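Engineer: Next up is a structure, given as structure tokens.
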Amino acid sequence: MKAPHKIAFIGGGINSVVGAVHFSASRMDNKFALVSGCFSRNSETNKQTADKWGISNNRIYSNWMTLLENEVNSIDAVVILTP
């Protein structure tokens, strides 16, 4: 079986409906793996989201620009879940 595509979320923290829906949908067919994200501007929500979804602490970002700079060679796609 082919390895899943590695994705990052921008937005979609656990305090949003859209985050949970996209997280669940990304796992349905095992073709995607959420590996990093900037889930919220609120640092506590950001951390809680990463903890709940099993994201390593070193792959949680406080802003999207740093996420993109650091993950450019490590991810296959970015899912943007912002209003």
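Engineer: List the longest stretch of the chain that has no exposed loop site; here a site is one of the trypsin sites (Lys or Arg not before Pro) assigned by DSSP to anything other than H, G, I, E or B, with at most 15 other Cβ within 10 Å.
Structural biologist: 42-83
Engineer: In the Gaussian network model of the chain, springs joining C-alpha atoms below 10 Å, which of G13, G54, G37 carries the largest mean-square fluctuation?
Structural biologist: Highest fluctuation of the listed residues: G54.
Engineer: Moving on to the next point. Quick check: at a probe of 1.4 Å, how many percent of the accessible area of the chain sits on carbon and sulfur atoms?
Structural biologist: The value for the chain is 53 percent carbon and sulfur by accessible area.
Engineer: Quick one: accessible area per residue over the chain, 1.4 Å probe, rounded to a whole number of Å²?
Structural biologist: 64
Engineer: For Rg and Dmax of the Cα atoms in Å, the listed values are [x] 13.0, 37; [y] 11.9, 35; [z] 11.6, 37; which was obtained by calculation from the structure presented?
Structural biologist: For Rg and Dmax of the Cα atoms in Å, the calculated option is [z].
Engineer: Related question: Need one word for the range 1-40: rounded, prolate or oblate. Basis is the Cα gyration tensor (sqrt eigenvalues a ≥ b ≥ c); a/c below 1.5 gives rounded, then a/b vs b/c decides.
Structural biologist: In terms of gyration-tensor shape, oblate.
The values are calculated or read from the model by the stated rules, or taken from the named source; none is laboratory data. Quick caveat, the model's predicted, so the values are computed rather than measured. Note that each Cβ is placed from the backbone with ideal geometry, even for glycine, and that neighbours are counted across all protein chains shown. For accessibility, only protein heavy atoms count, side chains too; no ligands or nucleic acids. Shrake-Rupley method; radii C 1.70, N 1.55, O 1.52, S 1.80 Å.
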